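Encoded as structure tokens, the structure appears first; notes follow it.
The values are calculated or read from the model by the stated rules, or taken from the named source; none is laboratory data. Owing to the predicted nature of the structure, the values given are computational and were not obtained by experimental measurement. FYI the Cβ positions are ideal-geometry reconstructions off the backbone, even for glycines, and counts take in every protein chain you see. Surface areas here come from the heavy atoms of the whole protein model, side chains and all, with no ligands, DNA or RNA. Shrake-Rupley method; radii C 1.70, N 1.55, O 1.52, S 1.80 Å.
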Amino acid sequence: PLARADILLIDECHRIGQNVTTEKIATHSAPTKIFGFSATPKGRSDGSELMTEALIGPIIHDVQYTTVVDKGFIAPIKVAFLDLPVYPGLTQRYPAIDEYKLRIAKKRWGYWRNKLRNELLAAAIKTLPTRFNLGATPQILVLVETVEHAFRLKELLPDFELVYSALSKKLLYRLQSEKIVTPDYKPITNKQRQQLLRRFEEGSLRKVIATSCWGEGVDFIHLDVVVNAAGTY
């Protein structure tokens, strides 16, 4: 209970500007000291750093990435970009998304249901071990924004396990009608998700496609590759 806390430590504190934690912190002034930790405290597209500073305070200590790599606290990172081709005769990379006004519609047809983009992503993921000399069975985590996108990539990457928090009946029916999943498919349970988490943490599970439920608050020490397939940062 916050009312009994003398010191409050908030990991990934940039998130407090956009979830229920904000209200809990704002309505409790009991902790005498509040410290937040974040790798992205500034430059948030949603402007949430203003709320973060209002609730926690200004930045008082900054550690550079190269410093913690040199000390062995985190692994060195290599970043590779997949260049997606421009469609013939068009100036945009994704087909006809300009006809959609809603942002979610643009993402649905530009990312989640974009067959060419998904095929190129899957092909690139399959070549990762050879391209970057990662051995025969590197541990790979593919992050997506939505459950629908996860299933559509899973169709192209059948040896990957799926991890998500919930699957609506409406989406399940659509996936079944498009034969992306079998008619008797059962959504994963919380127990199964926890089992997958333990297996991935210990390294026995090597390939996973996951939504944001595995985007933060996890520590995969055997992880070789993170693929940002969401189209977002």
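Brief remarks follow.
- Annotation: of all residues in the range 175-233 being without any contact (Cβ under 8 Å) to a residue 60 or more places away in the chain and within 13 Å of the chain's Cα centre (by Cα), the one that is nearest to Leu84 (Cα to Cα) is Cys213.
- Thr146 satisfies every condition listed in (1) farther than 13 Å from Ala229 by Cα; (2) touching a residue at least 60 places away in the same chain (Cβ under 8 Å) except (1).
- So Ile125, is it open to solvent by less than 20 Å² (accessible area, probe 1.4 Å) and under 15 Å from the mean Cα position of the chain (by Cα): no
- Tabulated pairs, the range 105-127, first within 14 Å of Pro158 (Cα to Cα) and β-branched (Val, Ile, Thr), second assigned to a loop (DSSP other than H, G, I, E, B) and open to solvent by less than 20 Å² (accessible area, probe 1.4 Å), C-beta under 7 angstrom, 6+ apart or interchain: Ile125/Leu157
- Checklist (1) at pLDDT 85 or above; (2) among the acidic types (Asp, Glu); (3) farther than 21 Å from Leu8 by Cα applied to Asp62, failing item: (3)
- Tally, over the range 217-233, of residues that are closer than 15 Å to Thr40 by Cβ and out of contact with any strand residue (DSSP E or B) (no Cβ under 8 Å at 6 or more places or on another chain): 2
- Residue selected from the range 65-96 under the condition at pLDDT below 90 and among the β-branched types (Val, Ile, Thr), by the criterion nearest to Leu134 (Cα to Cα): Ile77
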